[in-house]
Amino acid sequence: MGKLNKLLDRHQPGKCAKGGRSSGFLSYNNENIKHVSWCLSNNIAISVVPNWKTDKLWMLQIKIKGTINTDPVDYTDEAALTKMYEYYKYYHDKYNKDNIQNSVKSV
């Protein structure tokens with residue numbers, strides 16, 4: 001049981017690895033999940049990654065069909081998570097053909 005306890009001490013869900021950082025957690029709603037789900041199904045992913053040049057700032061990486069671009073702005077932890085959901089909504093609205101057709105019909 002001693003070896004198992006040592007392994008479990010190292011891996012604890014919700015905790016960062018030694019030397020890592022966590023941007024924390026931001027509550028989401030059904031609209032956020034709809035946008036994220038659609039984007040991930042269409043090879044669009046947005047990641048919050050640490051800016052290791054600073055102690056507390058975060059960057060956003062946007063991957064569209066294998067091409068990765070980095071947002072030039074650094075964000076605090078909560079602002080980065082909020083911006084991530086804004087980007088998911090932006091790309092959902094920009095590329096979702098069903099969404100475009102629905103907005104044209106409603107005009």
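Can you tell me how much longer the chain between GLU31 and LYS56 gets when fully stretched, taken as 0.36 nm per residue apart minus their C-alpha distance, in nm with one decimal?
Details: separation 25, 0.36 × 25 = 9.00 nm, distance 2.84 nm.
Stretched out fully, the GLU31 to LYS56 stretch lengthens by 6.2 nm.
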- line: For ASN51, the residues 5 or more places away or on another chain with a placed amide H closer than 5 Å to its own amide H are LEU57, TRP58, MET59
- prompt: Averaged over all directions, how much area does the convex hull of the C-alpha atoms of region 29-91 cover when projected, in nm²?
  reply: 4.2
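Extension gain ILE64-THR76, at 0.36 nm per residue separation less the Cα-Cα distance, in nm? Don't skip to the end; give the middle numbers.
Numbers: separation 12, 0.36 × 12 = 4.32 nm, distance 2.37 nm.
Additional length available on full extension: 2.0 nm.
None of the figures in this text is laboratory data; all of them are computed from the coordinates on show. Here the structure is a predicted model, which is why all the values come from computation and not from measurement.
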